[in-house]
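Enquirer: Sending over a structure as structure tokens; questions will come in a sec.
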Amino acid sequence: MNYNEHKNNPKSFRALTGLSHIQFLHLLPYFEASHDDYLSEYELTGKRRSNRRSFCIYSNSPLPTIPDRLFFILVYLKNNPLQEYHAACFGMDQKHCNTFVHCLSHILQLSLQAMGLMPAQTNKELSARLSEISKDGVIQPILLHDGTEREIPRPVDYDEQKEQYSGKKKRHTVKNAVIVTVSCLILFVSQTVSGKTHDKKMADTMYSFSVPCTLYQDTGYQGYSPEKVTVIQPIKKRRGKVLSENQKEFNKKVSSIRVRVEHAIGSAKFMRIVKDECRLRANFFVDHIFATCAALHNLRIKIKPWTYKN
């Protein structure tokens, strides 16, 4: 399998990589610049070189070109295959496949950062992004937030099993909080925490809103109402009570807008590495990969924006 075999087949290319060929070509120059810059200072294993030098790919490499290397890592993230299978597809052994996966996923992250597509991952970065939005003339931006879980293998340690077991999903998971703009761009991805952490606790401790905004949320955030924020959420039905027709209509309108955060999360999970069980543990791979897949979603939105009926 290689890039040249599939680049002229749009359906196959998108199914394998998660990107259209146009989106791939848009990303490629940034990936090439980050690839050469990183590997001139570091080896594929991540070890710093003794002397910085210009990097070239050896002719006997199983991934002989930059497009092949970008194709390799995107196929891995999109399909989440066993490394033995992925290695066989690209004509290498599992050990080299593992080395390439960790190295090229880091380079992909650097290239998405260079494009300005990586979501904020700290409260300080989020404040800077919100300030930029406000400067663009949007007096009160409309934002949406929610939490999302990802399955992981059951930990060996009993205490870790207990900590990472999600009663909601009935399996062991990790979790991230996500903030999305009304145009479905993923603005913020929190640090990765255990699956049992409640959405509201993540909102209370991991991020805040430095500018006035309108925030759509579901009833899982009941009681969350930070300063400078106009919170809009569905009306929760009380036990033994019935919602009126006006309340049902209000909930329907709120849900029609709030569903955009679900669409954005679902688009990020188009890359199956963050949808299915992720088996990689080295280099904090599980902690960092969701932000990379969120940035790939932002790339797709940038090239072809989504439209919604008002």
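Enquirer: Working out 0.36 nm times the residue gap between F55 and E160, then minus their Cα-Cα distance, what length gain in nm do you get to one decimal? Kindly include the intermediate steps, with their values, before the conclusion.
Expert: Numbers: separation 105, 0.36 × 105 = 37.80 nm, distance 4.17 nm.
So the chain would gain 33.6 nm between F55 and E160.
Enquirer: Of the beta bridges DSSP finds with both residues in the stretch 123-282, what % are antiparallel, to the nearest 5? Please report the intermediate quantities before stating the final value.
Expert: Working: 16 of 23 bridges.
For the stretch 123-282, the DSSP antiparallel bridge percentage is about 70.
Enquirer: May I pose another question? On a straight-distance basis, which lysines could pair with K304 in a cross-link, Cα separation under 17 angstrom, same-chain partners fewer than 8 positions away excluded?
Expert: List returned: K11.
Enquirer: Helix-only estimate, please: 222 nm mean residue ellipticity of the chain, summing -39500 (n - 2.57) across DSSP H runs of length 4 or more and dividing by its residues, to the nearest 500. Spell out each step's value before the answer.
Expert: Details: 11 runs with 144 residues, N = 310.
Result for the chain: -14500 deg cm²/dmol, rounded to the nearest 500.
Enquirer: Oh, and also: Nearest-5 percent of antiparallel DSSP beta bridges in the chain? Before the final figure, lay out each step's value.
Expert: On the way: 17 of 25 bridges.
DSSP beta bridges in the chain are roughly 70 percent antiparallel.
Enquirer: Under 17 Å between alpha carbons, and skipping anything fewer than 8 positions from K47 in its own chain: which lysines qualify?
Expert: Partners within reach: K95.
Enquirer: Testing the spin-label approximation: label points 7 Å from Cα along Cα→Cβ at K275 and S131. State their distance in nm.
Expert: That separation, rounded to one decimal, is 3.8 nm.
Enquirer: Show me the three semi-axes of the equivalent ellipsoid for the chain, from the C-alpha gyration tensor (sqrt of 5 times each eigenvalue), largest first, rounded to whole Å.
Expert: Values: eigenvalues 279, 98, 71 Å².
Equivalent-ellipsoid dimensions as semi-axes: 37, 22, 19 Å.
Enquirer: Please give the length that would be gained between K169 and E84 if that part of the chain were fully extended, namely 0.36 nm times their separation in residues minus their C-alpha to C-alpha distance (nm, one decimal). Show your work: numbers first, answer last.
Expert: Details: separation 85, 0.36 × 85 = 30.60 nm, distance 2.90 nm.
Length gained between K169 and E84: 27.7 nm.
Enquirer: Still on this structure, I have one more. Taking the alpha-carbon centroid of each part, what is the distance from the stretch 27-62 to the stretch 240-310 in angstrom?
Expert: Centre-to-centre (Cα) distance: 34 Å.
Enquirer: Let me ask you something else. By count of other Cβ within 10 Å, fewest leading, how are V174, V254, V242, V259 ordered? Mind showing how you got there, number by number?
Expert: On the way: V174 21, V254 17, V242 8, V259 14.
Going from sparsest to densest Cβ surroundings: V242, V259, V254, V174.
Enquirer: Tell me, which longest segment in the chain has none of the chymotrypsin sites (Phe, Trp or Tyr not before Pro) that fall in DSSP loops with at most 12 further Cβ atoms within 10 Å?
Expert: Numbers: sites that count: Y58, Y308.
Free of exposed loop sites, the longest segment is 59-307.
Enquirer: Return the aspartates and glutamates within reach of K241: Cα separation strictly under 18 angstrom, same-chain partners fewer than 8 residues apart disregarded; answer none if there are no such residues.
Expert: E249
Read-outs: derived from the displayed coordinates by stated rules, not from any lab. Predicted model only: the values in this text are computed from it and were never measured. So basically every Cβ, Gly included, is an ideal-geometry build from the backbone, and we count neighbours across all protein chains shown.
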